[in-house]
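The values are calculated or read from the model by the stated rules, or taken from the named source; none is laboratory data. Because the structure is predicted, anything quoted here is derived from the model rather than measured. Note: ideal-geometry Cβ built from the backbone for every residue, glycine included; neighbour counts use all protein chains shown. When the accessible area is computed, the model is the full protein with side chains, heavy atoms only, and any ligands, DNA or RNA have been set aside. Shrake-Rupley method; radii C 1.70, N 1.55, O 1.52, S 1.80 Å.
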Amino acid sequence: MSRFSIAVYGDSGPVLIPAALDVRPVTWSGVDIGGMWDAEIDVFGALDELAGLTAWLGSRLEIINEAGAAVWWGDIEAIGITADGVRRGVSLATLATRVQVRYARGAAGGGATSADTDWADSTAAQAAYGVRELRVSAEREMNDTEAETYRSVVLTALSEPAYTLESDGGETSARIYCTGYWQRTKRTYYRQAWGLVEHTVSGEAVPLGLGFTSASVAFVARTDQVHSIAGYFKNFASGMRVTISGASSANNGTWLLNGGGDTRAAIAYTSTGVTFSPNDDMADANGGLGFLAVGDAFTLAGTNDNNGTHLLDKAGAAAIEVSGSYHGGNVVSESAGDSAVFSRGNLIGIGGSLTNEHTGNTVTVTVWGQRHYQPFLLPAAGDWTAARIEIRMRREGDPADNITVDLVADSSGAPGSVLESVTISGSAIPRTMGWAVFALTNTTVLDSDSGYGIVVKRSGANSPTDYYEIDMDKDATYAGGALRQWDGATWQTPDPALDMAFRVLGAEDTATQATFAVLAQNWATGTDAPASGVTSPQYRDGELRTFDEVAALLAGGTSTGAPMGVKVQRSMAVDIAARPDRSVARWVLRGATLYDLYGKPAEDGYLPAGEWVHLGDAATLGPWARLSPVFVERAEYSAAGGLRIEPAGTTDIFDTGVVQG
Amino acid sequence: MYLAITDGTTTVVLSGTAPVRGCTYFPGTPQRTLGELQPVTETAEVNLSGTAAAIRASVNAVELLILAAVQRQATGAGSRVYAMYKPVDGDATTWRSEITDGRVIWSTNPGLRRLGDSNPFVQVAVIWARVPYWEGAEVELPLSANGQAAATGGRTIYNDPANGNWVQVAADQVTGNLPAPIILQMTNTSGSSRNFRRVMVSANAYSDPANLVHYLQGEARLSGGTVTADATCSGGNRLAFTTDISTPTTFQWTLPQADMQRTRGRRFRILARIDYAGALYVQPQVRNSAGVILWEGDELAFDSIGGESWRDFGVLPLPPGSSETAAAAMRLGLSLRGGGLGSLDVLQLSSLDSYRHWELPPTGLAIANNAAIVHDGIAGAAYSLASSVRTPLPTAFGGPILLQPAMLQRLSIVHQIYTGAGGGAGEAPIAATMSVRAWHRPRRVTV
């Protein structure tokens, strides 16, 4: 009779184990990351009785020693029944009750994009075996309909246990294969909607802090153009909206640019060979006026009677004609000799009606977007703390100021109270468009019941040459709020609408994240996880299974440098904790038997996985003494052979392994 | 000598009933391997004379019984087949040993198998494999209990370690020379049907059961918590306490030197009658008399316990390591973490000389008043018994309850019932009673 017995629990409680069956647990194991790992149990009896064991598939099983102590617990994952030379197997290992297909969706004109179907569920299988997800990749390019058909094929094939049949001349018996509760974390992909709000559609660079104040701005009614004699319009483009102030009243206001991109640099040309003749002629004996184009406003200085702002009517290197009506008078006759200075910059076109205005007024031209405000909403119910904001942007020129990002409460689509603010140097903004990171303190709580927003602003004055650009979605497809732009006085709504490319990320203690990941599977009766002291973004998009996500979190260890482990208790409570210090070693392994520090045998069948265990006698270990105790990464118990452990960090120095070239 | 094989219905006497004339049989002695007795294979040389038909009928009957034995082993069903033996015909007791396999071999001497003769003399060898012990007759054990003298027919116990939750077997009642399983019948005498949820039985043979104090009242802790009078609790009080999820709350109880000199390093399971709302983490400890931790068990997690549950807090060596008669006093420590309030009534120190735990369905198994839960360790069965109808019980943990030969011993029993969803008051009623009876068959290696 075996020293060990089993208890089996179905959905409605304990399951009667037929007295006719001789149940013999064979081996069981536990690991540092997960606790109980796997087990195998032999059952002997009549074939008719053994065949009934398949009803246990998916049930919970415990291995109990003679003292009534449970030494292993987990789920029945597969059963093999051997009789009459045949081995009948049934397994849940490949079961999938929820399926998604990832496929290459053909695109018009060639090429393909990756796409996922929606998940398809087998509710009947889920009722019997729970949710077990599988994302399969199609082996060829598909359209949506093909992918959904393939999904149905996979779900139909895998939503039942896998039955196998093979030759086996062994004794009439059954073998039950079990997996520890922790392996349930392999059943689903982990999704965590908390910790990320983002809109990454981009492509439209919109300036931040582009503008200037200058006394050399001229307005031309005939062409509805504004000229910057200083050449400040180089970076002004058609489609931008600008606010002009400081000019004569008719030219002030907000304008939509229908012309821009005039990249001509400002030129100041001096010549002593210029002759002025009424009514509109200016001739340069040096032939240097070719830089002036028809419609250019320019200033003239250094003459006796013709200084001021002019508008070019007829171009030519040696001779030009100007508009007397724009200048407010005809050209006055004047001989060559004076050093005449012709100054011309660049221009923008205005979608509106300007009035003529010469240079002289201190005019401020501001492209909308002296600041930008992007409202946002949390995409999923809940609350979390914001750890950082990422803005896709670049810098133009060499701005010497800083960029400040305010995380604010939204107030009817405009910025409300500032919740947190972070400033970085403008030099930290990339020159080419990319993500700029603004780290927050991870203390501001964002709640799905409230609206929030991001204000991006520069600390210095606007500049026509040294400013920033933010990558925007010109189709404004973000549904969580409409971008607003500061024109220097008012939060404006751009037309057409825009949305900022942004990301707001949360962060959470890694141990807490691990508990959330486990609890999301709805099987753990509870979790206990002291904080690791290490935070990282908690958002997960469902690419990896919970098992892998948690393993990665635990591998990061604690802030004190200790690795973390996890155990699932018999009660299905999950304990996550830092690896204990080696000074708290509780066990000594001699041969295949585990003893406590007082020399008493441990519970028969006990697995010291995740524990420190002394090996050998320190007095005789020599230089190896410092290695004991060892940390047990895996322990396996055999009812026939006793305990075997696999210490952490033990590599066979004589096994060179495979060297990857 | 008397030797027979029987399945309880058909009996073939191998030591004399015609046509059997007699046999030569010397019971084998089992060997021990890794501390366990191994099955015995042995031979009875049987002499028969009579008509050929009678001889053939007798041999056929033996072979049919052996077939039944083999089928019993293969299927676990059907009658068990025993070798029945007493060395002297006049002995009062016929000992039995279950046969698991066997065969009959006719003599290879032609003179001993002349069935063509009118009254042939035939010799056959009956070879069998049997279990490595002999069992005597089943007898009910006189039991004593708290305030009740030893008697058969049932002794009353309460679901309260401090108020007699034990029955005692006198040393001279357990004869034989091997530990022997028992039939333990626990009859619900509470006056009404109860939905039994779990039953725990522990046997103490080696830790001076007559004198060991096998419980610690919650209110007897050394410090901490608040003692609250409660007539529904053992000792009339309970220990109310609060816990924190990060900072453990530790309570300590004195384990007197006299008791440590009784337990002498043996292991004890801590069963606690406790009420706690929310998740609770418990780590049992053994400390020295100054409070220094000597031994810590695994931290155990419990989901919301609800009202008045018996919970298993793990196994401790008492005291750690020491088998000395001069063991010092110790302390039992319980390190508790959680986010709620609780109250601890009593701790039972459950000896593990043998231990059995029946886990019944979550909503309990209805046991009518005067119906019983029966653990038949002799037959390897467990069932509820009502009006002579047996209903098998599902899961049980641990080995069979074994009585140690020639030793005074006690069986301590606690149970929990189901009173409704979510648990609540009255699930471990201290006033609930059972009437306990026990039977055993003494086991011997040789007879």
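Given the structure, is A:G209 over 21 Å from A:N356 (Cα atoms) and free of Cβ contacts under 8 Å to residues at least 40 places away in the same chain? Steps first, answer last, please.
Working: over 21 Å from A:N356 (Cα atoms): yes; free of Cβ contacts under 8 Å to residues at least 40 places away in the same chain: no.
No; evaluated as a whole, the condition is false for this residue.
Kindly indicate the residue of the range A:2-18 that is of a type outside the set (F, W, Y) and in a loop (DSSP other than H, G, I, E, B) and also nearest to the other protein chains (Cβ to nearest Cβ) among those meeting that condition.
A:L16
Specify which of the listed residues (A:A592, A:A577, A:A531) is touching a Gly at 6+ places or on another chain (Cβ under 9 Å), among the aliphatic types (A, V, I, L, M) and open to solvent by 40 Å² or more (accessible area, probe 1.4 Å).
Going through A:A592, A:A577, A:A531 in turn, just one is touching a Gly at 6+ places or on another chain (Cβ under 9 Å), among the aliphatic types (A, V, I, L, M) and open to solvent by 40 Å² or more (accessible area, probe 1.4 Å): A:A577.
Residue by residue through the range B:387-399, note down the ones that are more than 9 Å from chain A (Cβ to nearest Cβ) and surrounded by 18 or more Cβ atoms within 10 Å (Cβ to Cβ).
none
Which one of these is in contact (Cβ under 8 Å) with a residue 12 or more places away in the chain and open to solvent by 40 Å² or more (accessible area, probe 1.4 Å): B:V174, B:V213?
It is B:V213.
Going through A:A501, A:A476 one at a time, which residue ends up being touching a His at 6+ places or on another chain (Cβ under 8 Å), aliphatic (A, V, I, L, M) and open to solvent by less than 40 Å² (accessible area, probe 1.4 Å)?
On the way: A:A476 fails: touching a His at 6+ places or on another chain (Cβ under 8 Å).
Criteria check complete, one pass: A:A501.
All but one of (1) within 30 Å of A:G605 (Cβ to Cβ); (2) out of contact with any strand residue (DSSP E or B) (no Cβ under 9 Å at 6 or more places or on another chain) hold for B:L403, so report the exception by its number.
Evaluating B:L403 over (1) within 30 Å of A:G605 (Cβ to Cβ); (2) out of contact with any strand residue (DSSP E or B) (no Cβ under 9 Å at 6 or more places or on another chain) leaves (2) as the failure.
Name the residue that is farthest from the other protein chains (Cβ to nearest Cβ), counting only residues in the range A:34-54 that are part of a strand (DSSP E or B) and farther than 25 Å from A:A524 by Cα.
A:D42
Among the residues of the range A:299-322, which ones are open to solvent by less than 10 Å² (accessible area, probe 1.4 Å), in a strand (DSSP E or B) and out of contact with any Ser or Thr (no Cβ under 6 Å at 6 or more places or on another chain)?
Listed by number, the residues that qualify are A:L300, A:H310, A:L312, A:I320, A:V322.
Find the strands (runs of 3 or more DSSP E) located wholly in the range B:135-241 whose residues include 3 or more that are at pLDDT 95 or above, farther than 18 Å from B:L402 by Cβ and not small (G, A, S), and list them.
Here the list reads B:155-158, B:215-217, B:226-229.
Just checking, which of A:T423, A:T404, A:T385 is of a type outside the set (A, V, I, L, M, F, W, C) and surrounded by fewer than 16 Cβ atoms within 10 Å (Cβ to Cβ)?
Answer to the selection: A:T423.
Residues of the range B:263-291 being within 23 Å of the chain's Cα centre (by Cα) and either on the phi > 0 side of the Ramachandran plot or open to solvent by 20 Å² or more (accessible area, probe 1.4 Å) (or both), which ones? Walk me through how you get there before you give the answer.
Within the range B:263-291, the subset within 23 Å of the chain's Cα centre (by Cα) is B:263-273.
Of everything in the range B:263-291, those that are within 23 Å of the chain's Cα centre (by Cα) and either on the phi > 0 side of the Ramachandran plot or open to solvent by 20 Å² or more (accessible area, probe 1.4 Å) (or both) turn out to be B:R264, B:G265, B:R266, B:R267.
Just one of A:V71, A:V31 is in contact with a strand residue (DSSP E or B) (Cβ under 8 Å, 6 or more places away or on another chain), closer than 14 Å to A:G605 by Cβ and more than 9 Å from chain B (Cβ to nearest Cβ); which is it?
Step by step, each of A:V71, A:V31 is checked, and only A:V71 is in contact with a strand residue (DSSP E or B) (Cβ under 8 Å, 6 or more places away or on another chain), closer than 14 Å to A:G605 by Cβ and more than 9 Å from chain B (Cβ to nearest Cβ).
Which pairs have Cβ atoms under 7 Å, sit 6 or more apart or on different chains, and link a residue in the range B:261-283 that is facing chain A (nearest Cβ under 10 Å) and under 17 Å from B:H415 (Cβ atoms) to one that is of a type in the set (A, V, I, L, M, F, W, C) and part of a loop (DSSP other than H, G, I, E, B)?
Qualifying pairs under 7 Å: B:R269/B:L352.
Quick check on the range B:36-82: of everything there that is part of a strand (DSSP E or B) and within 14 Å of chain A (Cβ to nearest Cβ), which residue is surrounded by the most Cβ atoms within 10 Å (Cβ to Cβ)?
B:L37
Restricting to the range A:410-435, what's the tally of residues that are outside any strand (DSSP E or B) and β-branched (V, I, T)?
Adding up the residues that qualify gives 2.
Quick check on the range B:351-366. Is at least one of its residues of a type outside the set (S, T, N, Q), away from chain A (no Cβ under 14 Å) and either without any contact (Cβ under 8 Å) to a residue 60 or more places away in the chain or buried (at least 22 other Cβ atoms within 10 Å of the Cβ) (or both)?
No, the range B:351-366 has no match at all.
Out of the residues in the range B:292-311 meeting the condition of being touching a residue at least 12 places away in the same chain (Cβ under 8 Å) and more than 20 Å from B:Y276 (Cα to Cα), tell me which one is least open to solvent (accessible area, probe 1.4 Å).
Here the answer is B:G297.
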